[in-house]
Structure formats: structure tokens, C-alpha cells
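Only one structure is covered here, and it is reproduced in the block below.
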Amino acid sequence: MRLVIVEDQLLLREGLARLFVDAGHDVVGSVGDAEAVPSIVSAVAPDLLIVDVRMPPTFTDEGLRLARRSKEEHPDVGVLVLSQHVETASALDLLGLGGFGYLLKDRVLAIDEFLAAAQRVADGGSALDPEVVRHLVAAGRTDDPIATLSVREREVLSLMAEGLTNVGIARRLTLSERTVEAHVRHVLLKLDVPEHAEGNRRVLAVLAYLRTLSTTR
């Protein structure tokens, strides 16, 4: 995997680069501000762009604007946004573009899971931080269909939203694939999502529902 890292904190930027290099990936760009990124991405054509949400000069939403521009200009490039805090509205807005991930910076400490999420995004999948998912699920009102889900079904929904496949969910929850398939089917039915919506379409359908929950906050 070829990637470009955009992070204004030097130590974190170098740490991320070392993490990916040690895992056998190729860091083809590493910068501390967003201005030069569009030309770099055009020149090196990375598989993945990792960008901090808050970048110079205003430290507000430079990273998110860069993420959107990058997806619009280079839809095949995966974009993984790292944030210090949960910002649900912006995360869900960009997830619909595909090949996009939104993780809290603390998630980097879970190295294997972080690298797997990065690879998933580079491959065109999605990755939504578990804390963001919990934040949204907790926002559901009692009159929402999500309130009808069992505890296990909510766990499965959360992992679906993170971008995991049925196999990945089965491994995470130590369940059989058949059991997971049953839980997924029940979740889709209860949320009124068509059973035939599979793969990324399935995840995006569930995230579309979760997006409605964010408006209740």
C-alpha cells in the first residue's frame, strides 16, 4: 500500500510513517500542512491519504475540507481522517463517498486493528471509529426502530458500521458465521433495510440510518 500522511504534529507524523513502513507499506509523502497535498496526491497517486481533521492555519476543518476535495478529485484514493474528538455530522457526511474512514487518534494504539482499518479504506471499504458508532447508537430515541434491537444486535450493528464483514464480526464477537448472518438479517429487517443489500452497500445503508440518529442530538 502506498500512502501519504498529512499531520501537523511532527512526532505523530513520524510515528505513523514508521508504523506503516514497519508493516511493509510505502510512505510516498509526509507533510505538515494541507496546502501542498493536492499536488502531491496528483503526482504520486497513493492508495491511501491519512489526514488530521484540524490543520494549520486555523486548526478547524482544514483536514475535512481536504478529505472532501481529495475524494472529489481522486475518487479511487482512500481517505482516512484522524481526529482527537468525535465529530459525527462531518464523519457521516463523508462516509457516503466510499473509500473513507474516520478514526479517533487513540485508535492508532491498537496497531493491528488500525492497520486493518487503513487497508480496508485503501481497498475502497469504510472504517468508522467504534466510539463514533456508540455515540450515534446512544442517541437513538425510544420511538426509533433501533430501540427494538437486542444488545447483541446492537453490537453487530456497530461492527457493521465500522466496516467489518460477517467474517470479521464473527471473529470479533467469537461467534459462528451462521450466527452472525442471522443477527445481520434481523438488524436489516428491524431497520427496514433490504436483506439483499450486501457488502459496502449494506454498511452504507446502515450508516444512512445512523445519520438520522445524529440529527436527534
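Given the C-alpha centroids of segment 155-196 and segment 102-131, what is the distance between them in whole angstrom? Using only Cα atoms, the two centres lie 18 Å from each other. Residue separation of Val86 and Thr174 scaled by 0.36 nm, minus their Cα-Cα distance, works out to 28.9 nm of gained length.
Taken along its three principal axes, the alpha carbon spread of segment 2-128 comes to 32, 27, 26 Å, from the longest extent down to the shortest. Using a cutoff of 8 angstrom between alpha carbon atoms and counting only pairs six or more residues apart, the relative contact order for segment 2-128 works out to 20 percent.
For Gly101, the residues 5 or more places off, or on other chains, whose built amide H falls under 5 Å of its own are Val79, Leu80, Val81, Ala127. Mind giving me the FRET efficiency for Val21 and Val151? R0 is 35 Å, r the Cβ-Cβ distance, nearest 0.05 is fine. Once rounded, the FRET efficiency stands at 0.30.
Sequentially through segment 70-81, phi angles give Karplus couplings (6.51, -1.76, 1.60; θ = phi - 60°) of 5, 5, 6, 7, 9, x, 7, 8, x, 10, 10, 9 Hz, Gly and Pro residues having no value and appearing as x. Estimated from the Cβ-Cβ distance and a Förster radius of 22 angstrom, the FRET efficiency linking Ser42 and Arg2 is about 0.95.
Distances between placed amide hydrogens fall under 5 Å for Asp47 paired with Arg2, Leu3, all partners being 5 or more residues away or on another chain.
Laboratory data are not the source of any read-out in this text; all were calculated from the coordinates shown. If you're wondering where the values come from, they're calculated on a predicted model, not measured in any experiment. Reconstructed Cβ throughout: ideal geometry from the backbone, glycine too, with neighbour counts over all protein chains shown.
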